[in-house]
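All remarks here apply to the structure that follows.
The values are calculated or read from the model by the stated rules, or taken from the named source; none is laboratory data. Predicted, not measured: the structure shown is a model, and the values here were computed from it. Methodologically, a virtual Cβ is constructed for each residue, glycine included, from the backbone with ideal geometry; neighbour enumeration extends over all protein chains shown.
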Amino acid sequence: MNWLTVKNGSTIDTTLGKGEIFSSVVYSESLLSNGGLFSGIKNTGFDSSNKQDSSFNLESEKVLTYAGSDGSHLVGSDYLLLDVNGNYTSNKTDSVACVFGVNDYLIHNPAFSNYVEAQGSLINFNSGKVSTEGQVRAVGSQISTSAGLSYQIAVSPDTSTGEEYAEGIVKTSFAGSINEARDKKTSSSSKSKSTNPYANDWKKTAATNSWKDVTEVVGNISTMQKAFGYKSGLKI
């Protein structure tokens, strides 16, 4: 799935205009085996309407067990991407949904950029039980609603067959890059005729936050759990 949304603009714009928001959500999921015994349940739901902090536009989950035979194995992956960008605005009646601050405390809403991704992969998975859950929120019910992404994966032996370990290669990768511009302040005195020195702060970077986490387990796996949750809310 590739879902694009734009406020106060167009998907063909090459630059963001004043008060424009552009968001992109990408989701993909795959499973492939060349034999063995597979049992699983997968559910995916999508709702493009505005959401509160406790709900999501995209939700996907699966639970599966697999037992390879004669050298067979299972491969698969989940991938989630949230990319949200907004340009400066000073009109509170048509505010950009700046997910880093609360509108009541800002004279203006500064420009911002959110890029967060999560991926879980099964590589030559020979046997075991796997459960995953992914969630993304890209549009909110009000300006204080944050964008968000979460992903969880758990791997364990299939105890119903008497296995002591799951076997194979499991890998996760989580990454993010956050950029926030400065708030555009008014001059210290409304009577001042001098040029406002803060007039262009809306396009000056005030904060950056980048991270990446990669985990890989190989061989006999007694238990493996990874959870990643991102909720925008950095306030400058």
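When restricted to residues that are out of contact with any Gly (no Cβ under 6 Å at 6 or more places or on another chain), modelled with pLDDT of 90 or more and of a type in the set (S, T, N, Q), the stretch 135-158 contains 3. Pairs linking a residue in the stretch 137-160 that is among the charged types (D, E, K, R) to a residue that is part of a loop (DSSP other than H, G, I, E, B), with Cβ atoms under 9 Å and 6 or more positions apart or on different chains, are R137/Q52; R137/D53; R137/S55; R137/F56; R137/N57; R137/T145; R137/S146; R137/A147. Residues in the stretch 166-210 that are hydrophobic (A, V, I, L, M, F, W, C) and either more than 27 Å from M224 (Cβ to Cβ) or modelled with pLDDT under 80 (or both): I178, A181, A199, W202, A206, A207.
Condition check ((1) of a type in the set (G, A, S); (2) surrounded by fewer than 19 Cβ atoms within 10 Å (Cβ to Cβ); (3) under 18 Å from S28 (Cα atoms)) across all residues:
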residue	(1), (2), (3)
S131	yes, yes, yes
V136	no, no, yes
A147	yes, no, no
I153	no, no, yes
G168	yes, no, no
K171	no, yes, yes
S177	yes, yes, no
